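Notes follow once the structure below has been shown.
Every number in this text was worked out from the coordinates using simple rules, so none of it is lab data. Just so it is clear, the model here is predicted, and its values are computed rather than measured. Positions of Cβ are generated from backbone atoms using ideal geometry, with glycine treated the same way; all protein chains shown enter the neighbour counts.
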Amino acid sequence: MPGMAAKVVITERQQQVLQTMAFSRNCPQGLAHRAEIILLAFEGLTNEESAQKLRCERHGVGIWRTRWQKAFPRLTVIECVEKPPALRDAIEEVLGDLPRAGCGGTFTAAQIAQIIAVACEPPEKSGRPVTHWTPRELTDEVIPRGIVASISVRHVGRFLKGGGPSAAQEPVLAQRESEGCGRLRAARAGGV
């Protein structure tokens, strides 16, 4: 049996802001949907009735009602003390997504910097019989050095391509010019 739904109370100004959000074409869809949940709750609909009307989960409706109920005193103070735009900002904050932790990075910034530093060394210095680093050669070099316990060739390739964890359009390593006598040109603008 479902529990007791959080009672939703809103002021006239809050209702105007919520209605504007719910029926605006410029408001993000998630915010508009949550504004509708609060408006329906204020009209007296149950969580289940609101969920059926909005085609969403009853549990989600309850979460937003509870969040609104907890934020109502703060919203009322903002409404009385601040200028009108502050109320809309506060309502957007209440109905907005909470920050998510996400998955932490696998490699530290120091490890990434060390991998790139190895890539900037001549391969001959490491006893490699190649003229330039490939992701495979670099992977085979950084693991024995103890920089990382394990890393995929593809991940190393991403570091070389972008100089960090995100992909870039230009490679980081210096490349030989097709026409010069061994002169190097920097892959990035402003190079030698």
Answer from Ser24, Ser50 - the residue that is over 14 Å from Ala90 (Cβ atoms), among the hydroxyl-bearing types (Ser, Thr, Tyr) and surrounded by 18 or more Cβ atoms within 10 Å (Cβ to Cβ): Ser50
If we scan region 59-74, do we find a residue that is surrounded by 12 or more Cβ atoms within 10 Å (Cβ to Cβ) and polar (S, T, N, Q)? yes
Just wondering, is there one or more residues in region 4-19 that are in a helix (DSSP H, G or I), touching a residue at least 40 places away in the same chain (Cβ under 8 Å) and hydrophobic (A, V, I, L, M, F, W, C)? yes
When the residues of region 84-101 are filtered to those that are in a helix (DSSP H, G or I) and without any contact (Cβ under 8 Å) to a residue 24 or more places away in the chain, which remaining residue is surrounded by the most Cβ atoms within 10 Å (Cβ to Cβ)? Ala90
Are any residues in region 1-21 surrounded by fewer than 18 Cβ atoms within 10 Å (Cβ to Cβ) and more than 21 Å from Val77 (Cα to Cα), and if so, which ones? Met1, Pro2, Gly3, Met4
Hey, among the residues in region 25-41 that are part of a helix (DSSP H, G or I) and within 25 Å of the chain's Cα centre (by Cα), which one's nearest to Gln14 (Cα to Cα)? Ala35
I need the full set of residues from region 42-58 which are at negative phi, part of a loop (DSSP other than H, G, I, E, B) and free of Cβ contacts under 8 Å to residues at least 40 places away in the same chain, in order please. Glu43, Leu45, Cys56, Glu57
Which one of Ile147, Ile112 is surrounded by 15 or more Cβ atoms within 10 Å (Cβ to Cβ), assigned to a helix (DSSP H, G or I) and aliphatic (A, V, I, L, M)? Ile112
Would you pick out the residues in region 119-142 that are of a type in the set (A, V, I, L, M, F, W, C), exposed (fewer than 14 other Cβ atoms within 10 Å of the Cβ) and either closer than 18 Å to Phe107 by Cα or in contact with an Asp or Glu (Cβ under 9 Å, 6 or more places away or on another chain) (or both)? Val130
